[in-house]
1. Quick check: net charge around Gly65, other residues with Cβ under 9 Å of its Cβ, Lys/Arg +1 and Asp/Glu -1?
2. If one computes P(r) from the Cα atoms of the range 72-111, what percent of pairs lie at distances over 16 Å?
3. Over all distinct Cα pairs, what is the inverse of the mean 1/r for the range 50-177, reported as the Kirkwood hydrodynamic radius in Å?
4. Could you go through the range 104-112 in sequence order and give the Karplus-derived ³J(HN,Hα) for each residue, using 6.51 cos²θ - 1.76 cosθ + 1.60 with θ = phi - 60°, rounded to whole Hz, and x for Gly and Pro?
5. Quick check: Cα centre of the range 126-154 to Cα centre of the range 40-72, how many Å?
6. Treating cross-link reach as a plain straight distance, find the lysines whose alpha-carbon is under 17 Å from the alpha-carbon of Lys113, omitting any fewer than eight places away in the same chain.
7. Translational diffusion coefficient of the range 110-177 at 20 °C, 1.002 mPa s, Stokes-Einstein with Kirkwood Rh over Cα pairs, in µm²/s as a whole number.
8. Compute the semi-axes of the equivalent ellipsoid of the range 92-132, taking the square root of 5 times each eigenvalue of the Cα gyration tensor, and list them largest first in whole Å.
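What follows draws every value from the coordinates through simple rules; no lab data is involved. Quantities reported herein were computed from a predicted structural model and do not represent experimental measurements. So basically every Cβ, Gly included, is an ideal-geometry build from the backbone, and we count neighbours across all protein chains shown.
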Amino acid sequence: MRGVIFEASVAVVLVALAAIAWAQHGHGSVGAEGHQVAQACVTEFEKVVSDGRGFGLAFAADQNGYPGPMHVLELRDRLKLTADQETRARELMHTMFAESRPKGARLLEAEAKLRRLFADRTADEATVRAAVGEVERVRSEVRLIHLLTHLKTRDLLSEEQRRAYHEARWGAIPPAQ
């Protein structure tokens, strides 16, 4: 259930960020409250990524029948995992976090460098292009770790468990497997 609440919170924050962006581009005004929401999103992103979690980077997999190990473990009773499945899911999760944490730290460093360019008034086209390229390169590495782990996790579960997982997480029958 925490996973669903977290994803719903992420969705709300993303909608809030979209509203802020809309307002900043001449479609209304955003006061301090809107910017506080944006800062809260950045803070949550930094915490989640530094923990090795994906902050929605594997939604494409999760929403389409490829569960992640952390959420499988959260739903272990509902999925009726065997001891072996639980052990293997835990191993996948620990491996994913171990690989993702250092890359997540690099992602946060790259994001901070991009912000510093603007804060220090040293941003120009070349430095911004380079900084954004680095952010996106590292983000893709973090995303791949999570997506590839979802592929492996799917193989741990039976068709019935995958269906139960999808219903628990997304409230609907998953797409054709």
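1. On the way: positive: Arg154, Arg162, Arg163; negative: Asp62.
Local charge sum for Gly65: +2.
2. Numbers: 375 of 780 pairs.
Tail fraction, whole percent: 48.
3. Working: mean 1/r = 0.0627 Å⁻¹.
Taking the inverse mean of 1/r over all distinct Cα pairs, the range 50-177 comes out at 15.9 Å.
4. x, 4, 5, 4, 5, 5, 5, 5, 5
5. A separation of 13 Å, based on Cα centres.
6. Within the straight-line cut-off, Lys113 pairs with Lys103.
7. Working: Rh = 15.1 Å.
The estimated diffusion coefficient comes to 142 µm²/s.
8. On the way: eigenvalues 172, 16, 4 Å².
They are 29, 9, 4 Å, listed largest first.
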